[in-house]
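For reference, the structure discussed in these notes is given below.
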Amino acid sequence: MTLSFTNMCISFTLVLGGASSGKSDIAEKLCFHSQLDRVYLASSQVYDDEMRTKVEQHRTNRGPDWRTIEEPFRADQVILEAKAHQILLFDCATLWLTNHLLADHDIAQETDMLLAALKSCPAQVVIVSNEVGQGIVPENALARRFRIEQGQLNRRLAAEAGTVVGVMAGLPFMLKGDRPEALK
């Protein structure tokens, strides 16, 4: 069964939640039920053993039926290259944003390019992103800037997405659109 999206010119689902809330599990479930060729766009950069272990665990959990593309910056280019017979899981927009923020790139321009790619993409896309605005105000300027940028990115993605799924304690709840069959 393929994902059913609302009548939008963009075919993507946004899955939002806190750290370790089960976002990736829900996003993968959506992809597994699509019956399309699965592509995993990984934005993380591995700097230490803890992250290496997390990446390997995600890869093991997904299984062998995925084509993985590791791209920390140019998600827009990978999305533009996706084909109509594919479903692309972009995990995650939060690490993508972090990479650009730490590289001192123009976040607004990068976000514009990402959204333009999503509008042109013939594949179905599922994007995972962290909701970071429900905590306390961070004590340092970089963390406060990140929180603001992440909130703006999430709002822009949610405005364009046909479906937005929130995740808390591993449980999905609909924020926008109809509940996909895979989550019923």
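The table that follows gives values for the structure above.
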| read-out | value |
| --- | --- |
| Most mobile listed residue (Gln77, Gln57, Gln86) in the chain, GNM with C-alpha springs under 10 Å | Gln57 |
| In degrees, nearest ten, helix 23-32 long axis to first principal axis of the chain (Cα) | 20 degrees |
| CD proxy at 222 nm, helix term only [per DSSP H run n ≥ 4: -39500 (n - 2.57); per residue of the chain; nearest 500] | -13000 deg cm²/dmol |
| Share of carbon and sulfur in the accessible heavy-atom surface of the chain [1.4 Å probe, %] | 52 percent |
| Nearby lysines by direct alpha-carbon distance to Lys176 (threshold 24 angstrom, same-chain neighbours under 8 apart not counted) | Lys23, Lys29, Lys119, Lys184 |
| For the stretch 44-140: rounded, prolate or oblate by the Cα gyration tensor [a/c cutoff 1.5] | oblate |
| Gain upon complete extension [Ala141, Tyr47; 0.36 nm per residue less C-alpha separation] | 31.6 nm |
| Solvent-accessible area per residue for the chain (1.4 angstrom probe, square angstrom) | 51 Å² |
| Descending Cα extents along the principal axes, the chain, whole Å | 46, 35, 33 |
| Cut-off 18 Å, label 7 Å out along Cα→Cβ of Thr68, residues of the stretch 27-43 by amide N | 27-29, 31-32, 38-43 |
| With eigenvalues of the C-alpha gyration tensor scaled by 5 and rooted, the stretch 105-180, Å | 23, 20, 8 |
| Nearest-ten-degree value, helix 93-102 long axis tilted from longest Cα axis of the chain | 30 degrees |
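The values are calculated or read from the model by the stated rules, or taken from the named source; none is laboratory data. The structure displayed is predicted, hence computed values, not measured ones. All Cβ positions, even for glycine, are placed from backbone atoms using ideal geometry, and neighbour counts span all protein chains on display. Surface areas here come from the heavy atoms of the whole protein model, side chains and all, with no ligands, DNA or RNA. Shrake-Rupley method; radii C 1.70, N 1.55, O 1.52, S 1.80 Å.
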